[in-house]
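The values are calculated or read from the model by the stated rules, or taken from the named source; none is laboratory data. On a predicted model such as this, the values are computed, not experimentally measured, just so you know. Please note: Cβ atoms are built from the backbone with ideal geometry, for glycine as well, and neighbour counts cover all protein chains shown. Note: areas computed on protein heavy atoms with side chains; ligands, DNA, RNA excluded. Shrake-Rupley method; radii C 1.70, N 1.55, O 1.52, S 1.80 Å.
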Amino acid sequence: MIYLDQAATSFPKPPQVGQAVVSALQTVGNSGRGGHELSLSASRLIFEARLEAARFFGSSDPSRIAFTANATESLNQALFGLLEPGDHVITTAQEHNSVLRPLFLLERRGVELTILPADSRGVVDLEAIRRELRPNTRAVVAAHGSNLTGSLLDLGFLLGFCREHGLIVIIDAAQTAGWYPYNLAEQPIDILCFTGHKALYGPQGVGGIYVRPGLKLRPLKVGGSGVQTFSQEHPQEMPEALEAGTLNTPGIAGLLAGLHYVQAQGLEKIQQLEADLTSYFHGLVKEIPEVVVYGDFQAVHRLPIVTLNLKGVGASLVSQLLAERGICTRSGGHCAPLLHKALGTQDQGAVRFSFSHLNTKAELAETAAALGEIARQYGGKQHG
């Protein structure tokens, strides 16, 4: 099997991730729900993971990291916990539905919404944000990297603009956490939302949210926390303020192991290996006459993603034919409807090939050859 769907979830996981999950299932109890050793072991494990996540993202305060189920839950927590009717929020056309659907719901409840457009390459013009600023603009929410094209936003420009105008900035780091070297001590990111199962190599079902000191969010959930039992209100101090109920301790154990793995590999090394693979594959497929590649490949930095179509062949069919050859890809809309509209692929969809440093050039050469065979057999024949 050749696995090229890393943007959906990383595979294979490092062995130590699975080992950590199993160990937690067998050796720890429920954090904060007792004074016995099993409960204390869970508390120590969760604190270690919180501390490691804070270090990884460059925060000096581990209490500002709360664990969630995934980036989607983190983004819902950020948006519903911050925005009020009458607020204005700015986002971009490259957003995942994890951002768009909460924003559309909030818009129906009275929040004003502006979406910065993308061009036919899928590149967002961030300079357009200057024209969209309003007196009631409160926040900007943006995916640092596109899960469809691999394009990156100019994070430095965005953070500088938001700081200059006193705007809260929410970064969707679902694709970039574990790939990009965030430093929250130096970067004025107010809220960072991340998941554990992609470039952090953790298990599915665990993620997190960073909230800068001094910023409070209304909790998305309230309930048991293990502290302040006799209060009618949920605790307001981080991280308990955003962590109602029993945490996914085995998942957090796996995330901790994933963090250790990424740190041992080194972000710079991972980026370089994946950039080399991306450039190599792009060079192969662009020579296939029927192939149309999407995204900006002139950019200096981009995620390890190549998204394409074969002229006259439905994306789902291409992906199916590749799967029959043991090659795993992702076709369809990729939960990025506005970016597909910008690319003109809302009807056909597109086929995404996403890599990690665990892939090899031999795998990519085999994939490009298979794509060439499919193009010769089906190209230009209007197959759905």
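Descriptive notes on the structure:
- Only protein heavy atoms count here; under a 1.4 Å probe, residue 220 has an accessible surface of about 80 Å².
- In this simple spin-label approximation, residue 84 and residue 25 carry label points 7 Å from Cα along the Cα→Cβ vector, and these lie 4.6 nm apart.
- Between helix 15-27 and the chain: long-axis angle, C-alpha atoms, 0 to 90°, nearest 10: 30 degrees
- Ranked order, 276, 296, 347 - accessible area, probe 1.4 Å, largest first: 347, 276, 296
- The chain shape via C-alpha gyration tensor axes, a/c threshold 1.5: oblate
- Note on surface exposure: 361, 311 rank 311, 361 by accessible area, highest first, 1.4 Å probe.
- The string of couplings for region 40-49 from the Karplus curve (6.51, -1.76, 1.60, θ = phi - 60°) is 5, 5, 5, 4, 5, 5, 5, 5, 4, 5 Hz, one whole number per residue in order, with x for Gly and Pro.
- Whether region 26-95 is rounded, prolate or oblate, judged on the alpha carbon gyration tensor where a/c under 1.5 counts as rounded: prolate
- Amide proton proximity set for residue 207, modelled H, under 5 Å, gap of 5+: 68, 69, 70, 196
- The string of couplings for region 66-81 from the Karplus curve (6.51, -1.76, 1.60, θ = phi - 60°) is 10, 8, 10, 7, 4, 5, 4, 5, 4, 5, 4, 4, 5, 6, 6, x Hz, one whole number per residue in order, with x for Gly and Pro.
- Residue-span extension gain [residue 109 to residue 204] - 0.36 nm each, minus C-alpha spacing: 31.1 nm
- Globularity index of region 30-184, i.e. its alpha-carbon radius of gyration over 2.2 N^0.38 Å: 1.18
- Two-site label geometry, residue 263 and residue 320: point separation in nm, points 7 Å out along Cα→Cβ: 4.6 nm
- Karplus 3J(HN,Hα) series, Hz, for region 335-342 with 6.51 cos²θ - 1.76 cosθ + 1.60 (x for Gly, Pro): 6, 10, x, 6, 6, 4, 5, 5
- Whichever lysines have a C-alpha closer than 19 Å to that of residue 198, once near sequence neighbours (fewer than 8 apart) are set aside: 13, 269
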